[in-house]
Amino acid sequence: MRSKIVAGNWKMNLSEKEAKELCKEVNNMNIGSEIEVYIFPPMLYVSDCKALSSKVKVGAQNAYPKDSGAYTGEVSMWQLKEAGIDAVLIGHSERREYFGEDHSFLKQKLDSAIAHGITPFFCCGEPLEIRQNGTFLSYVKNQLEESVFHLSATEFEKVVLAYEPIWAIGTGQTATAEQAEEMHAAIRSWVEEKYGKELAGKTSVLYGGSCNPGNAQALFACENVDGGLIGGASLKAADFSVLVAERTWTILN
Ligand SMILES: O=C(CO)COP(=O)(O)O
């Protein structure tokens with residue numbers, strides 16, 4: 001069946017020392033037998049974290065879609081691959097909002113990640129006004145149609161999807177299990193329409209947005225929620241260790 005994944009997006013936090021320390025702590029956690037764990041440290045630390053990681057996979061929060069050239073300040077997917085990095089975040093709402101990343105740019109990033117064999121975690125999710133006006137399903141469907149559904153089935157197979165409602169990110173206002181399941185089931189149905197039942201059944205769809213030890217069990221127990229993309233709670237070893245623990249996944253399942 002599909003992979004169950006807990007991924008920590010550290011965003012632009014931690015000193016080098018703190019990042020290495022947290023990386024070691026995550027690698028020493030008691031991780032559930034069927035759970036894959038990823039960390040996404042700031043770019044500066046990805047290689048160090050990769051070197052310190054045994055059972056945990058390491059991804060970058062960003063990368064540029066061209067392989068090399070005059071793109072001052074950027075790091076390419078190709079360079080990440082050369083450095084042994086496993087995954088990359090694409091389409092996070094913070095990059096869409098603060099760095100103007102649009103559908104067509106995200107599409108290029110996705111193509112480049114796949115071409116280089118890096119696992120893309122493609123993020124989608126609606127802002128508060130779209131949640132409130134009730135058009136959130138079509139909003140998220142459009143994000144996938146614009147940047148993801150051009151992929152062939154063989155390419156799409158490599159993608160991990162993450163639903164992160166913007167109103168839940170860093171706000172403490174988590175989506176309820178019902179809200180998450182409604183969206184995740186819809187996402188899986190669109191994947192099925194496009195790529196068929198078998199591939200839809202194999203696609204991991206993670207939830208992100210104020211996920212923490214207090215609400216993770218209810219979210220992870222939803223049929224179509226295959227784990228979490230965790231911000232704030234991934235910076236605290238004590239919290240993150242609960243999210244990756246076997247018992248968080250087994251009690252309600
Ligand atoms: O943006 C997120 C993960 O990518 C979620 O962040 P929080 O868990 O801090 O809400």
Problem set entry | GNM top mover of M77, M43, M183 - the chain, alpha-carbon springs below 10 Å | M43
Exercise. How big, on average over all directions, is the shadow cast by the Cα convex hull of the chain, in nm²?
Worked result: 12.5 nm²
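From the square roots a ≥ b ≥ c of the eigenvalues of the alpha-carbon gyration tensor of the stretch 23-72, which class results: rounded (a/c under 1.5), prolate (a/b over b/c), or oblate?
Numbers: a/c = 3.66, a/b = 2.35, b/c = 1.56.
Taking the square roots of the gyration eigenvalues as a ≥ b ≥ c, the stretch 23-72 is prolate.
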Exercise. What does the helix-only formula give at 222 nm for the chain: each DSSP H stretch with n ≥ 4 adding -39500 (n - 2.57), the total divided by the residues, and the result rounded to the nearest 500 deg cm²/dmol?
Worked result: -12000 deg cm²/dmol
Exercise. Which entries in K57/K109; K107/K158; K4/K55; K4/K141; K11/K107; K20/K50 show an alpha-carbon gap greater than 18 Å?
Worked result: K57/K109; K4/K141; K11/K107
Seminar exercise, completed: Ranked from fewest to most other Cβ atoms within 10 Å of their own Cβ, D111, D86 fall in the order D111, D86
For this session: Please go through the stretch 1-38 and write out the GluC sites (Glu not before Pro) that DSSP classes as loop and that have at most 15 other C-beta atoms within 10 Å.
Result: E34
Problem set entry | Nearest-0.05 FRET efficiency for E97 and S152, computed from C-beta distance (R0 25 Å) | 0.25
Seminar exercise, completed: Expressed in nanometres to one decimal, the distance between label points 7 Å along Cα→Cβ at M12 and A83 is 1.7 nm
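Assuming R0 = 35 Å, can you tell me the calculated FRET efficiency for the pair N30 and A70, based on Cβ-Cβ distance, to the nearest 0.05?
That pair, N30 with A70, gives E of 0.15.
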Seminar exercise, completed: Counting only residues 5 or more apart in sequence or on a different chain, those whose built amide H sits under 5 Å from that of I230 are A7, G8, N9
Seminar exercise, completed: Ordered by fewest other Cβ atoms within 10 Å, a rough proxy for footprinting exposure, D67, D226 read D67, D226
For this session: Any cysteines in the chain with zero other Cys Cβ atoms under 4.7 Å from their Cβ? List them, or say none.
Result: C123, C124, C211, C222
Exercise. Is the stretch 20-113 rounded, prolate or oblate when judged by the Cα gyration tensor, a ≥ b ≥ c being the square roots of its eigenvalues, rounded requiring a/c under 1.5 and prolate requiring a/b larger than b/c?
Worked result: prolate
Problem set entry | Exposed-loop-free span, longest in the chain, where chymotrypsin sites (Phe, Trp or Tyr not before Pro) count as exposed if DSSP calls them loop and at most 16 other C-beta atoms lie within 10 Å | 150-253
Seminar exercise, completed: Relative contact order in percent for the chain (Cα pairs under 8 Å, 6+ apart) equals 22 percent
Seminar exercise, completed: Checked against the positive end of the charge dipole of the chain (+1 on Cβ of Lys and Arg, -1 on Cβ of Asp and Glu, about the Cα centre), the farthest of W10, S138, S93 is W10
Problem set entry | Among S112, F220, N30 the positive-end extreme of the charge dipole of the stretch 4-250 (Cβ point charges) | N30
Exercise. Please state the relative contact order of the stretch 1-121 as a whole percent: Cα pairs under 8 Å, 6+ residues apart?
Worked result: 21 percent
Exercise. Most mobile of L106, L199, L89 per a Gaussian network model of the chain (Cα springs, under 10 Å)?
Worked result: L199
Exercise. Taking the Cβ-Cβ separation of S138 and K236 as r and a Förster radius of 41 Å, what is the calculated FRET efficiency to the nearest 0.05?
Worked result: 0.70
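Under a Cβ-only charge scheme (Lys and Arg +1, Asp and Glu -1), can you give me the dipole magnitude of the chain about the Cα centre, in debye to the nearest 20?
On the way: 24 positive and 33 negative charges, 90 e Å.
With Lys and Arg at +1 and Asp and Glu at -1, about 440 debye.
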Problem set entry | Mean separation of Cα contacts under 8 Å, 6 or more apart, over the residue count of the stretch 135-253: relative contact order % | 26 percent
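Taken together, the values in this text are just the output of simple stated rules run on the coordinates, not laboratory data. Quantities reported herein were computed from a predicted structural model and do not represent experimental measurements. Ideal geometry is used to build each Cβ from the backbone, glycine not excepted, and the neighbour counts take in all protein chains shown.
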